[in-house]
């Protein structure tokens, strides 16, 4: 009977992670870990990303040590850093040491900044393109992301310094052999990674655009998402009129996503269906 109940709970973790997260937060960390240890790493990571970082840290510490690496591999850098920041130092370092350099680097980068700073809150998952990339290749990359095509893309030079941003729709006009750097780039104010996000409250310079965060060398760290600014700076939640604008915006980008996918498909050989990375 206990096994049957556990299997039912595991199904709920996968199918309804938000509800499962709310339910687990009523339990102790060890009780939640007793269930999460039987879940697939991706499922366990998905739930840990939805609970509070403090509770996630308690759950993570109660998991068997041999599962730490698998779970961290499935977490995005920001929730992973938020979780590890609340773990004991020896556990945090042991967990990071077992990760590959590719996975550990963005987590360590987020951990290097104090909580509430732009560096700690920046998302490292924003789409960036180098300025010397051909437009045709950029279209292919965006086509492979058809479920998550951003409205703006950050352009970097090979030193990872921000040159500007462009609207995704701009890729539809130039020849495919043109470079991304030849597009009309919007200049955006850069945010120092050490800046407290609370200090950005009421600053409208990034409204309707993108908020790049850079380190001391002005190298790109990530971007502040609108929800990060609202959560950390204490801004009011969106008003109904704003929500309506957002809904129309999402409808527009759904159409643009389809257009980018069609452009990408048109540029590929007819006999290949493989994904281009």
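Values quoted throughout were computed directly from the atomic coordinates according to the rules given, and no laboratory measurement underlies them. Predicted model, so just to flag it, every value in this text is computed and none were measured. Cβ sites come from the backbone with ideal geometry, for glycine too, and all protein chains shown count toward neighbours.
List of remarks:
- Value of relative contact order over the range 1-76, rounded to a whole percent, pairs C-alpha under 8 Å and six or more apart: 34 percent
- Centre separation in Å (Cα based) which lies between the range 195-220 and the range 120-169: 17 Å
- The slack between residue 102 and residue 186, meaning 0.36 nm per residue of separation minus the straight C-alpha distance, is 27.2 nm.
- Two-site label geometry, residue 22 and residue 52: point separation in nm, points 7 Å out along Cα→Cβ: 1.6 nm
- Taking other C-beta atoms within 10 Å as the exposure proxy, 177, 157 rank 177, 157 from fewest upward.
- Packing-based exposure ordering (other Cβ within 10 Å, fewest first) of 185, 190, 83, 171: 190, 185, 171, 83
- The residue 176 and residue 219 beta-carbon pair, evaluated with R₀ = 30 Å, returns a calculated FRET efficiency of approximately 0.55.
- Residue ranges 203-211, 218-226 sort as 218-226, 203-211 when ordered by packing (mean number of other C-beta atoms within 10 Å per residue, highest first).
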